[in-house]
Amino acid sequence: MDVVFLLDTWARDFRYAVRSLRKDLRFTGIAVFALALGIGASTVVFSVFYNLLFNALAATDAQRLVVPLIEDAANPDAVSGIFISWADLIYLKEHNQVFDGVIGYRWGRAIVQQGPRVFQFAQAMVTADAFDFYGVPAFLGRGISYEDGAPGAPKVFVVSYGAWKAEFGADPAIIGKNFVVNGQPRTLVGVMPERFHGFGASQELFTPLNWAPSEEEAKIAKFNVRARLRRGVTLAAGSAEFDIIARRLAAMHPDDDDYPKKFTARVVSSNDYLLGASTVFNSKIGMKSILYDLLAAVLVLLLIACSNVANLLLARGLVREKEIALRSALGASRGQILRQLLMESLVLALSACVAGCVVAWGAMKLVDIAVHQKTWAEIGRDAVIGMNIPVLLFAAGITVLYTGLCGLVPALRVTRGDLQPRLGSSGKGSSGGLRHGGLRASLVIGQIALSIVLLIGAGLMMRSLYKLTHIDLGFDPKNILVVALSPARTTDQLPDRALMGTAEGQARFERVMEKIKGVPGVASVAVDNTIPGYGPSNGPKVTVPGSTHVENAGLDECDENCADTLRMRMIAGRWLSRDEVATRQYAAVLNQKLARDLFGEADPVGKQLEVQGFDRWRNGLQRAYRMNAEGTPSDARFQIVGIVADVKNAGPQQPAMPMAFIPPLIVGNFIVQVRTIVEPRSIMHAVQEQVWAADRAQVFWTFDPLEEILEQYTYTTPEFGVTLSGPLAAIALFLVVVGVFSVMAYTVSLQTQEIGLRMAVGAQQREILAMVLRRGMALIAAGIFIGLFASFALTRFLASQIWGTSPTDPWTFAAVLALVVAAGLAACYFPAHRATRVDPLVALRYE
C-alpha cells in the first residue's frame with residue numbers, strides 16, 4: 001500500500017510539474033534550449049576527442065602500435081618516419097627485443113586491366129604479414145596472408161571499400177575475378193572495410209611483397225615502417241631499443257642520407273603520430289593540441305549553459321516565494337514542497353536531456369561527414385565519429401544534478417524562518433530580490449567572462465586561419481591542376497623511371513604534353529619537378545665564383561612556361577627561354593632570398609652561380625631513379641638570367657628558402673602544372689583520357705587541383721579547429737545574451753513599482769532607459785574585465801595552434817570586446833525599453 005501511495009504521489013507531482021512548466025513556456029523553452037545546447041555540444045566534442053585520440057586506427061591493440069622516427073640533431077624540427085631498405089627491415093624484425101610485430105609498406109600507383117576496362121589506383125605494396133599485423137577482417141573475401149608473400153605463391157590483391165564501390169559498382173561477385181595489375185595477372189581476393197586505412201588514407205589497392213625479392217630490389221626499394229610493442233613494454237623502452245638498432249643500421253650504411261650524421265631515434269604511438277604536427281609539409285599545428293583545446297572549450301560551454309539555467313531557476317524560484325510560503329502556511333510540509341520543486345527540476349532536466357540527444361545526434365552526423373571528407377581524411381582515417389553513450393550519460397547526469405540543486409535552493413531558503421514577511425510582501429519576489437540579486441549578477445558576470453575566453457580563443461584561430469590562407473605564396477594557386485606522371489612500374493617494388501632518361505621516353509612525354517595542351521579549357525601547361533609551395537627547400541651548396549660565402553639552395557627544374565603558368569612575379573631580368581630549356585643550358589633564375597644572401601644589394605643578372613658538387617648531387621638523384629649517372633664538371637656554373645619574387649618552397653607556413661630555377665637537367669621526375677580557364681576538376685577526366693591516348697603506360701601519382709593540395713596538407717588542421725570552436729563560441733555568446741536578457745527582464749519586473757513611482761513623480765523615459773542600461777552594462781563591464789584578464793593569461797596556451805598571430809592579438813581582443821558589448825547592449829535594451837513603457841497607475845497596483 002505504501003508503494004502504491006508513493007507512486008501515486010509521484011504521479012501527481014509529475015502532472016503538477018508539467019502543468020507548472022507549461023504555464024511558463026518562455027522560461028521552459030529557454031532553459032531546455034540552453035541545456036540541450038550544452039549537452040549536445042559537450043557530447044559531440046567529447047565523442048570526437050575520444051574517437052580521434054584513442055580510437056583513430058582500425059586495428060587490434062591499436063594502443064600498442066608505434067611509428068619509428070628519426071630526429072636530426074642539427075635540425076630538431078626535421079623529424080621523419082624511418083624509411084629503410086628491405087635488408088634493414090628484416091634486420092629490424094629479427095634483432096629487436098621490444099616489438100612483437102614489424103611491417104613495411106611503400107606507396108605506388110597501379111594500372112589495373114580487365115579486358116577492355118582500365119582502372120588506376122593508389123597502391124600500397126605491403127609485407128605479407130601486414131594485414132595480420134592490423135588484425136582487421138576483410139569486408140568481403142579475405143585480406144593478404146603471410147603465405148601470399150611466399151615465392152611462387154599465386155598473385156593476389158585486395159582493394160579498399162571506396163575503390164570497390166566507385167570502380168566496381170559494389171559488386172560482391174567481383175571477388176575471385178582475375179585482373180592484370182601493372183602487367184602481372186592477379187586475382188582479387190578481398191575488399192577491406194570502409195574505414196580501414198592502415199597504410200594511408202588514400203590507398204585503394206594492396207599487393208603483397210615477395211619474401212624473397214631480387215638482389216636489386218632488396219638494395220633499392222625502401223619502406224615505411226610500423227611496429228607493435230610487446231605487452232608491458234613502454235614507449236621509453238621501445239625508443240631506447242630502436243635507437244640502438246638505428247645506430248647500427250646507420251653504421252652499416254654510412255652514405256645513406258636517411259640517417260643524419262647525428263640523430264636520435266625513438267618511437268611514438270601511431271595515434272600521436274597521426275594527430276601530431278606534420279613533418280612532411282612543415283605544418284606546425286598539431287591536431288592533438290587542438291583536440292585538448294576543444295575539450296577545455298566545451299567544458300567551459302557546459303558550465304555557461306548550467307550557469308544560465310541556474311540563473312533562470314533562481315529568478316523563477318524567487319518570483320514564486322510568495323506562492324511557496326502560502327502553500328507552506330496552508331499545511332504543506334517542507335518535504336512535500338521540496339519534492340514538488342525537485343520534480344519540476346527533474347522534468348526540466350529530462351526534457352533538456354531528450355532535446356540534447358537530438359542535438360547531439362544531428363551534430364554528430366554533420367561532424368562525421370566533415371571529418372571523413374577528402375581534405376580531412378588523414379585526420380579521421382578509421383575513426384567512427386559516433387555518439388559516445390558514456391559521454392552522453394555523463395553530460396546528462398551533470399545536467400540533472402545541477403538543475404535539481406538549483407531548483408531546490410529557492411525552496412530551501414523560503415521554507416526556513418518566518419513566513420510572515422513573504423506572505424505580506426507586495427511584489428513578486430521582492431523578499432528575495434535584494435538577498436539574491438548578487439548571486440544572480442555573479443552568475444551573469446561569470447558567463448560573460450567565460451564566453452569572452454571562448455570567443456577570443458576562437459577568434460585567434462579564425463584570424464590565424466585567415467592569415468594562413470591569405471599568405472603571399474609567390475604564385476597563384478587558383479585554377480591550377482597538378483598532374484604528376486611517370487611510366488607504370490615494371491614490378492611491384494621498383495619504378496621504371498629509366499625510360500624517362502632516353503630519347504624515346506622524352507618523345508613519349510612530349511606527345512603527352514601536346515595532348516594535354518589540346519584539352520578544351522586548358523590555358524597553359526608547364527613542367528616542374530615539385531609541387532608548388534612544398535619544395536625544393538634544400539639541395540647542394542651554392543656560391544658566387546671566387547667567394548667564400550656558401551648557401552644551401554633548392555634547385556627547381558622547370559621549363560620556359562613555368563613562371564607564366566604559375567604567375568610568378570619577375571623582379572629583374574627574364575625567365576628561362578625555350579632554347580635554354582630544350583638544349584639543357586646551364587642557366588638559372590634566382591629567388592630574392594638567394595639573390596640577397598649571395599649578392600646583397602648588387603644586381604646578380606648576368607653573373608654566375610656556382611653549384612658545388614653538382615655532379616655528385618645529380619648522380620645521387622639519378623641513381624635513385626635507376627638511370628645512368630654520367631659525369632659533368634664537379635662544380636657547375638650557371639649563368640644568372642633573372643630574379644623572381646620569393647616563392648614558398650618549405651610549406652606555406654615557413655619563410656621562403658634559397659632557391660634557383662634551372663632547366664630540367666635531372667630527368668626522371670616530372671610534375672605538369674596545368675592552368676585552366678574553367679574549374680580544374682571539370683576537365684580532369686578529359687586530361688586523363690588524353691594522357692592515356694598518347695601513352696597508356698602513364699600513371700598519375702598526383703592528380704588534384706593545387707588549391708585542394710594546399711587545403712589537405714596545410715589548412716586542414718586549423719580549419720578543423722575553427723569548424724568546431726567557432727560554433728562553441730557562438731553558442732556561448734547566445735547563452736550570454738539569454739542570461740543578460742533574463743536577468744534584466746527579471747530585474748525590471750521586480751522594480752515595476754519603483755519605476756512607476758519614479759515616472760509618477762516626473763522621471764522621463766530616457767532617464768528610466770539610462771538607469772536600466774547602466775545596471776545591465778555594469779554587469780557586462782565586470783564580465784568583460786574578468787574575461788579579458790583571464791584571456792591574457794590563458795591564450796598563451798594557444799600559441800602552438802595559431803600561426804602568424806600573437807596570442808594577445810589586439811585586433812582579435814578588440815573585435816571580441818565590440819561583439820560582446822553590442823550583444824550585451826541588445827540584451828539590455830529590450831527590457832530597458834519595456835521599462836519605459838510602464839503605466840504609473842498600473843505599476844503602483846502591480847502585484
Selection status of Leu274, modelled with pLDDT of 85 or more, buried (at least 19 other Cβ atoms within 10 Å of the Cβ) and not in a strand (DSSP E or B) = no
query = Among the residues of the stretch 244-271, how many are at pLDDT below 80 and either charged (D, E, K, R) or part of a strand (DSSP E or B) (or both)?
reply = 5
ask   = If you check Arg766 against the conditions, is it in contact with an Asp or Glu (Cβ under 9 Å, 6 or more places away or on another chain), farther than 30 Å from Val44 by Cβ and at pLDDT below 85?
value = no
key: Identity of the residue in the stretch 784-802, among the polar types (S, T, N, Q) and buried (at least 21 other Cβ atoms within 10 Å of the Cβ), that ends up modelled with the highest pLDDT   = Ser791
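Residue by residue, here is whether (1) at pLDDT below 80; (2) open to solvent by 20 Å² or more (accessible area, probe 1.4 Å) holds:
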position	(1), (2)
Ala352	no, no
Val359	no, yes
Ala363	no, yes
Ala370	yes, yes
Thr375	yes, yes
Gly380	yes, no
Ile385	yes, no
Ala395	yes, no
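Per-residue answers, yes or no, for (1) touching a strand residue (DSSP E or B) at 6+ places or on another chain (Cβ under 9 Å); (2) open to solvent by 50 Å² or more (accessible area, probe 1.4 Å):
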{"residue": "Asp148", "(1), (2)": "yes, no"}
{"residue": "Ala163", "(1), (2)": "yes, no"}
{"residue": "Phe168", "(1), (2)": "yes, no"}
{"residue": "Gly183", "(1), (2)": "yes, yes"}
{"residue": "Val191", "(1), (2)": "yes, no"}
{"residue": "Pro208", "(1), (2)": "yes, no"}
{"residue": "Glu215", "(1), (2)": "no, yes"}
{"residue": "Asn224", "(1), (2)": "yes, no"}
key: Complete set of residues in the stretch 161-216 that are closer than 26 Å to Leu52 by Cβ and free of Cβ contacts under 8 Å to residues at least 60 places away in the same chain   = Tyr161, Gly162, Ala163, Trp164, Lys165, Ala166, Val191, Met192, Glu194
inquiry  = For the stretch 500-507, check the following and say yes or no: at least one residue is open to solvent by less than 30 Å² (accessible area, probe 1.4 Å) and either under 17 Å from Val482 (Cα atoms) or in contact with an Asp or Glu (Cβ under 8 Å, 6 or more places away or on another chain) (or both).
reply    = no
Count of residues meeting criterion [more than 31 Å from the chain's Cα centre (by Cα) and either among the basic types (Lys, Arg) or open to solvent by less than 20 Å² (accessible area, probe 1.4 Å) (or both)] in the stretch 231-249 = 6
note = So the helices (runs of 4 or more DSSP H) completely within the stretch 20-139 holding 2 or more residues that are more than 30 Å from Ser289 (Cα to Cα), touching a helix residue (DSSP H, G or I) at 6+ places or on another chain (Cβ under 6 Å) and open to solvent by 10 Å² or more (accessible area, probe 1.4 Å) are 25-54, 86-94
request  = Would you point out the residue of the stretch 574-597, among those that are aliphatic (A, V, I, L, M) and without any contact (Cβ under 8 Å) to a residue 60 or more places away in the chain, that is surrounded by the fewest Cβ atoms within 10 Å (Cβ to Cβ)?
outcome  = Ala582
remark   = Screening Gly474, Gly429 for residues that are open to solvent by less than 10 Å² (accessible area, probe 1.4 Å), at pLDDT below 90 and on the phi > 0 side of the Ramachandran plot leaves only Gly429
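The values are calculated or read from the model by the stated rules, or taken from the named source; none is laboratory data. Because the structure is predicted, anything quoted here is derived from the model rather than measured. So basically every Cβ, Gly included, is an ideal-geometry build from the backbone, and we count neighbours across all protein chains shown. Heads up: the accessible areas ignore ligands, DNA and RNA and are worked out on the full protein's heavy atoms, side chains in. Shrake-Rupley method; radii C 1.70, N 1.55, O 1.52, S 1.80 Å.
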